[in-house]
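The next block holds one structure in the form of structure tokens; read it before the comments.
The values are calculated or read from the model by the stated rules, or taken from the named source; none is laboratory data. None of these values were measured; they are calculated from a predicted model. Please note: Cβ atoms are built from the backbone with ideal geometry, for glycine as well, and neighbour counts cover all protein chains shown.
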Amino acid sequence: MATLIDLAQTPVRDLNQALHAPEAGSWRVLNPRGAHAVACGIREDLAVDIEGHVGYYCAGMNQRATVTVHGNAGTGVAENMMSGTVRVRGNASQSAGATAHGGLLVIDGDASARCGISMKGVDIVVGGNVGHMSAFMGQAGRLVVCGDAGDALGDSLYEARIYVRGTVKSLGADCVEKEMRAEHLAEVAELLKAAERDEDPTGFRRYGSARELYHFKVDNTTAY
């Protein structure tokens, strides 16, 4: 049976302290009402269901836990996540999965600007669209977009891999379309299955770094 916490009666600080020293494996959080930093810093193998919308940095620094938001999420959901799974059943605001090192972030709806900014190993699957400059400075990990992508996708990309099913408004600096080989189709299929989605992997295109920006070239000295 899940441990029940009502944020209409219990401060977020008390909730997070309880999740850091858990007495039960599953939790249900009621009335989040846009509160910030809900379920942050969890280090245990817990299941946390949040019944409603959350504000900034929900499930930030997550390790091992499975956190599900049954609503929308504000800026920086799953920011700096290390492992585990975070799922947003609605839409997510900007900078979803920012700087995250590992784990899986699933957004069933749309994600706003800079989804996956500076991602460092996280896997992100977005059921809808992503906004401008998604995967900006993405260093490692994979971003799968089942809808469309906004301007400057993958700007200043390092080694993160991007897959988009819909249209891309524009590519950012040093981001190029690449061949979709068998191993990439298998990779997309694996991520879609993990996100409980049924899109056909063959409908996706792959984008990655042209590897021009992070190699020093003497001819470009005046531009540095």
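Among the candidates 86, 38, 12, 77, the residue that is farther than 15 Å from residue 125 by Cα, crowded, with 23+ Cβ neighbours inside 10 Å and modelled with pLDDT of 95 or more is uniquely 38.
The residues listed here are 113, 189, 135; of these, the one that is among the small types (Gly, Ala, Ser), under 29 Å from residue 67 (Cβ atoms) and not in a loop (DSSP other than H, G, I, E, B) is 189. When the residues of the range 45-74 are narrowed to those that are of a type in the set (Asp, Glu) and closer than 25 Å to residue 193 by Cβ, which ends up modelled with the highest pLDDT? Within the range 45-74, the match that is modelled with the highest pLDDT is 49.
Among the candidates 35, 78, the residue that is part of a loop (DSSP other than H, G, I, E, B) and in contact (Cβ under 8 Å) with a residue 40 or more places away in the chain is uniquely 78. Being small (Gly, Ala, Ser), surrounded by fewer than 24 Cβ atoms within 10 Å (Cβ to Cβ) and either within 26 Å of residue 162 (Cα to Cα) or touching a helix residue (DSSP H, G or I) at 6+ places or on another chain (Cβ under 6 Å) (or both) is a property that residue 26 lacks.
A quick yes/no check of all residues on (1) out of contact with any strand residue (DSSP E or B) (no Cβ under 9 Å at 6 or more places or on another chain); (2) among the basic types (Lys, Arg); (3) modelled with pLDDT of 95 or more; (4) within 24 Å of residue 76 (Cβ to Cβ):
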| residue | (1), (2), (3), (4) |
| --- | --- |
| 163 | no, no, yes, yes |
| 180 | no, no, yes, no |
| 193 | yes, yes, yes, no |
| 205 | no, yes, yes, no |
| 211 | yes, yes, no, no |
| 214 | yes, no, no, no |
| 217 | yes, yes, no, no |
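Within the set 142, 211, the sole residue that is within 19 Å of residue 129 (Cβ to Cβ) and either in a loop (DSSP other than H, G, I, E, B) or of a type outside the set (Gly, Ala, Ser) (or both) turns out to be 142. Please work out if residue 140 is in contact with a Lys or Arg (Cβ under 8 Å, 6 or more places away or on another chain), within 15 Å of residue 105 (Cα to Cα) and at pLDDT 95 or above. Yes; evaluated as a whole, the condition is true for this residue.
Output the number of residues of the range 96-123 satisfying the condition of being of a type in the set (Ser, Thr, Tyr) and touching a strand residue (DSSP E or B) at 6+ places or on another chain (Cβ under 9 Å). Walk me through it before giving the result.
Taking the range 96-123 first, the residues of a type in the set (Ser, Thr, Tyr) are 99, 112, 118.
This time we only want the ones that are touching a strand residue (DSSP E or B) at 6+ places or on another chain (Cβ under 9 Å), so: 99, 112.
Matching residues across the range 96-123 total 2.
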